[in-house]
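Taken together, the values in this text are just the output of simple stated rules run on the coordinates, not laboratory data. Worth saying up front: this structure is predicted, and the values here are computed from it rather than measured. So basically every Cβ, Gly included, is an ideal-geometry build from the backbone, and we count neighbours across all protein chains shown.
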Amino acid sequence: MTLDLNALSQELGVPIEELEAANAKAEAILSDLMAEAKTPEQWSAIAADIQNNKGLEAEYRKRGELSREYTWNGFRNYFWCWTQKELPDHSKEWFDGIQEQKVQKKTGTVIEAFRESAKTTIITIGFASWFVGLFPQKENLLIQVGDDIAKDNMSKIAEIIERSPGWQYCFPHVVPDKEAGWGDKGYFVKRSDITPDEWQRMVAERKAPTFLGLGYSSNSIIGKHPTGLLILDDIVNETNSSSERELTATLKILQGTIFYTITQDTTTIVVGTPWKENDVIDYCKKTGEFVKVITPAYREVDGVVTYAWPDQRGKDWVERKRKITSQNEFARMVLLDLSKLGTKSFRYQSFPHMSIDWKWPMIVGVDPVTTSPMVTGREGGISHFAMCMALQTPFNKVVIPDGIVEKISADDGERKIVEVQRMYPNFDRASIEIDGGGVLFASMVSRNPGLRFSPHLVSELPKGRKKYRGYNFLEPLFRNGIIVISDANTPFLNRLRSYLDNYPNFPDTASEWDVADSLLMAIFDMPEVWSQLITSVSGENTVKNIWEKKKITPSPWSSLGARRK
């Protein structure tokens, strides 16, 4: 905050030293005004400090008056009164985009902004509460991914109106109407500077609360027609975008329910960070009915990098995010660039671990190891032993409930398979690749007369280099929800999710490759799941099995333990 204390000293007749001391005290007290946890007593203490600081109070009065105009300058001054912080510069393009929807006669404005850009603080709470102060007679609706988060953000607006001293300087006559309603079912405000009859005439046609928060799937959205703001804040998440089916269901609600709340009076704002192509943000942009505002964390033009929020989300922040997130997530969250995700990415669904029936038929895929001195290179001890459990549901889906990924010897790996067969009566067989060190491992496993396993030569597996064959084989199955993953938190499942989220961006020796190979072996031994006919979409009127097994000469190892029961 910057105050001209010399001018204030002359204007108020207060010694400059007194103003400096009071201002320093107030700044210390108010520096964390945006923190969420505040009691009524704390708000009262803040208000008392403002009143006891003549210079600070003068600044509040000045900015409070300026906040009552529906302009960028008005919003900027309101935000300061609320937070005692200046609005970040990048938010001006958001404000301009919101105003432009009426100029261009568009349905709304899409604000696509990088993660941690203060979207919710500035738009959903800040802009919305300011709008309520300016237009208390209007109805406003916030829609988020769930009821809880929407109601929580609306409660923050309620707290500002009820307790923030900054609000009293901006809109002293807009007060809670607790008799009409003040809670999760909606918050009503009223003007205290006019008679109750005058106020009732102003809101005679109002049918809903001043502001209300709902989840996007709430039945309560039906029938709402906000005359003020309709804000859709990040209504897409990992769950409702995990598959084409889930995303289609979300878009159906958007098109069939949410968009039909919009009237000619509604100011519609869709704000969020993109998840994938054809999500809510992408859909709105493609309609041509929305003003588009795109704010990545930085832009690079001719080698010159410009950061959207250099003070808080500048170079250091960007580089930290680059180091701790995958290339895919960095492109999406920081750059808003879905094209950088490329074609080599997995879309997968989670499955509730409490709903898994461990009696479903189980096949175990194995990526073996060998510690034999006869074998060198990657197969000679650098890779991990990986074993993937795969359960086949009655609906012809495959659930991956868990597995093992460890740096252990071939003997220990053999014992792991034996333990699983003994532990699970539904164990059908282990599927093992017999290539390189796998030949020796298969030979070792065959010593156990009761162990059931199916050996496979590399030539039987899907075509392509080892790094890409897993993607080519598994990606369509994940995308269509044929393979789903338990949402449990285990070392194997976490490594598998890392493979799916970051493919192919990890070192050649990373355990993700071994986990993927074990998964491939398990699924490959379930032809009833993956052997399906696919119609080509390349323009040719052909039908082909894209996972067709190559015909080969029977392996001399094929009799080792195959289907022995």
- Query: Which ³J(HN,Hα) values in Hz, rounded to whole numbers, follow from the phi angles of region 416-423 under the Karplus curve 6.51 cos²θ - 1.76 cosθ + 1.60, where θ = phi - 60° and Gly and Pro get x?
  - Reply: 4, 5, 4, 4, 5, 5, 6, 6
- Would you calculate the separation in nanometres between label points at Asp411 and Asp265, each defined as 7 Å from the Cα along the Cα-to-beta-carbon direction? 8.1
- Task: Given the peptides 119-128, 205-214, arrange them by the average over their residues of other C-beta atoms within 10 Å, most packed first.
- Result: 119-128, 205-214
- So, in Å, what gap is there between the alpha-carbon centers of region 181-222 and region 103-133? 20
- Task: Determine ³J(HN,Hα), in whole Hz, for all residues of region 363-369 in sequence, where each value follows from phi through the Karplus function 6.51 cos²θ - 1.76 cosθ + 1.60 and θ = phi - 60°; x replaces Gly and Pro.
- Result: 10, 10, x, 10, 9, x, 10
- Between Arg245 and Val458, how many nm apart are label points set 7 Å from Cα along the C-beta direction? 3.7
- Just how large is the dipole of region 232-272 about the Cα centre, in debye to the nearest 20, putting +1 at every Lys and Arg Cβ and -1 at every Asp and Glu Cβ? 180
- Please list, in chain and number order, the residues 5+ apart from Thr109 or on another chain whose amide H is under 5 Å from its amide H, with Hs placed from the backbone. Thr268, Ile269, Val270, Val291
- Can you give me the Cα centroid spacing of region 228-263 and region 461-532 in angstrom? 30
- Note on the structure: With a Förster distance of 25 angstrom and the Cβ-Cβ distance between Asp337 and Asp302, calculated FRET efficiency to the nearest 0.05 equals 0.85
- Reachable aspartates and glutamates from Lys285, criterion Cα separation under 13 angstrom, eight or more residues apart if same chain: Glu112, Glu277
- Task: Using the structure shown, list the pairs from Lys207/Lys252; Lys156/Lys315; Lys190/Lys224; Lys106/Lys252; Lys252/Lys276; Lys156/Lys252 with a Cα-Cα distance above 24 Å, or answer none.
- Result: Lys207/Lys252; Lys156/Lys315; Lys156/Lys252
- Task: Using amide H atoms built 1.01 Å from N in the peptide plane, name the residues 5+ places from Gln349, or on other chains, whose amide H lies under 5 Å from its own.
- Result: Ile485
- Task: For Ser498 paired with Ile222, estimate the spin-label separation in nm (one decimal), with each label point 7 Å from Cα along the Cα-to-Cβ line.
- Result: 4.7
- For each of Met354, Met362, count neighbouring Cβ atoms within 10 Å of the residue's Cβ, then give the residues from fewest to most. Met354, Met362
- Message: Could you compute the net charge surrounding Arg191? Neighbours are other residues with a C-beta less than 14 Å from the C-beta of Arg191; K and R count +1, D and E count -1.
- Response: +1
- Sort His456, His225 so the one with the fewest other Cβ atoms within 10 Å of its own Cβ comes first. His225, His456
- Note on the structure: Expected unfolding gain across His353-Glu528 under the 0.36 nm per residue rule, minus the alpha-carbon gap, is 60.6 nm
- Task: Tabulate in residue order the Karplus-calculated ³J(HN,Hα) for region 132-143, using 6.51 cos²θ - 1.76 cosθ + 1.60 with θ = phi - 60°, rounded to whole Hz; enter x for Gly and Pro.
- Result: 4, x, 6, 10, x, 7, 8, 9, 10, 10, 9, 10
